[in-house]
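Notes follow the structure.
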Amino acid sequence: QVYYIGASMRPKQWTKNLIVFAGLIFSRHVRDADLLWQSVEAFLVFCILSGVIYLVNDIADVDKDRHHPVKRGRPLASGALGRSSALTAAAILTVLALVWSHRLGPGFLVVACLFTVLNLVYSFALKRVVLLDVASISLSFVLRAIGGVEALRAVDPTIAISPWLLICTLFLSLLLAFCKRRHELVTMEDAVNHRESLQEYSPALLDQLVGISASGSVLSYSIYTIWPETVEKFGTTNLVYTVPLVLIGIMRYLYLVYKKEKGGSPSDLLLHEKFLLVDVLAWIVLVIVILGF
């Protein structure tokens, strides 16, 4: 049962929680052992909470998943994991994560609670409402970024994150979510039965929403790099040289979505698409070098 619970928590999807480290990187405290450990703990808490949400989501959709060609192999849908065992595990892990959150400061605890509530509401209601389904996913990414900063503020209250970075996170997560919706709509024969909100979307609408989100991601990040407060904080305008990597990464992702029809799982693309992986790693290294030296 432990194995099936772990599989239902989708460890491969935990890369989404890496946004927690944004506060550490952009506060120039990567080499501070105490703050680094705070970020690691925050990351682990969000991994547990996001895993719990996947468990709850599978419980809510177990009957529908049994008729899906891929999802019917999941532990709950296949019958390998019982609902009672999944609910018990979800409850225990939630309590564990929230107790751990309290250790990381009251601000982080509030964010962790908001993240949990938002995703539970998504699992049982918002995922069926057009636009709100994607908006709630994007807000969960923003909450991860805020949570990463709040964990650091428990040690150093002077640390803050630029609103422009949060806006960029919002647009980027919207891009990934809209691309996923588009992939589901154009590649799945029973897309509407798979996800109720898809009946309100169309390829043309999603193409426009993808374009808006992609443009917003690049523009908000570009503005952040040259924003007066950013330049004053870091004492350099060199962050602007990381913009091409962001632009190339987004263009490559759109190529994979539209040309190769690979927009179904952003996490899998990041882990297995070498071009994207190299681009992201190059961006991280360049940012650290610029901010560190």
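The values are calculated or read from the model by the stated rules, or taken from the named source; none is laboratory data. If you're wondering where the values come from, they're calculated on a predicted model, not measured in any experiment. Here the Cβ is made from the backbone with ideal geometry for all residues, glycine too, and neighbour counts use every protein chain on show. The accessibility values were calculated without ligands, DNA or RNA, using every heavy atom of the protein model including side chains. Shrake-Rupley method; radii C 1.70, N 1.55, O 1.52, S 1.80 Å.
Laid out as a table, the results:
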quantity: Condition met for Leu206 (in a helix (DSSP H, G or I) and farther than 29 Å from Gln38 by Cα); calculated: yes
quantity: Residue identified as buried (at least 17 other Cβ atoms within 10 Å of the Cβ), of a type in the set (Gly, Ala, Ser) and touching a residue at least 60 places away in the same chain (Cβ under 8 Å) among Ala154, Ala177; calculated: Ala154
quantity: Hits in the range 83-113 - residues which are free of Cβ contacts under 8 Å to residues at least 40 places away in the same chain, in contact with a helix residue (DSSP H, G or I) (Cβ under 9 Å, 6 or more places away or on another chain) and under 16 Å from Val56 (Cα atoms); calculated: Arg83, Leu87, Ala90, Ala91, Cys113
quantity: Some residue of the range 185-195 being assigned to a helix (DSSP H, G or I), touching a residue at least 60 places away in the same chain (Cβ under 8 Å) and closer than 30 Å to Lys233 by Cα; calculated: no
quantity: Cross-chain or 6+ apart pairs with Cβ under 6 Å, the range 231-244 first and without any contact (Cβ under 8 Å) to a residue 40 or more places away in the chain and open to solvent by 70 Å² or more (accessible area, probe 1.4 Å), then part of a helix (DSSP H, G or I) and not aromatic (Phe, Trp, Tyr); calculated: Thr237/Val231
quantity: Whichever residue in the range 255-293 is assigned to a loop (DSSP other than H, G, I, E, B) and touching a residue at least 24 places away in the same chain (Cβ under 8 Å) and, among such residues, is surrounded by the fewest Cβ atoms within 10 Å (Cβ to Cβ); calculated: Glu261
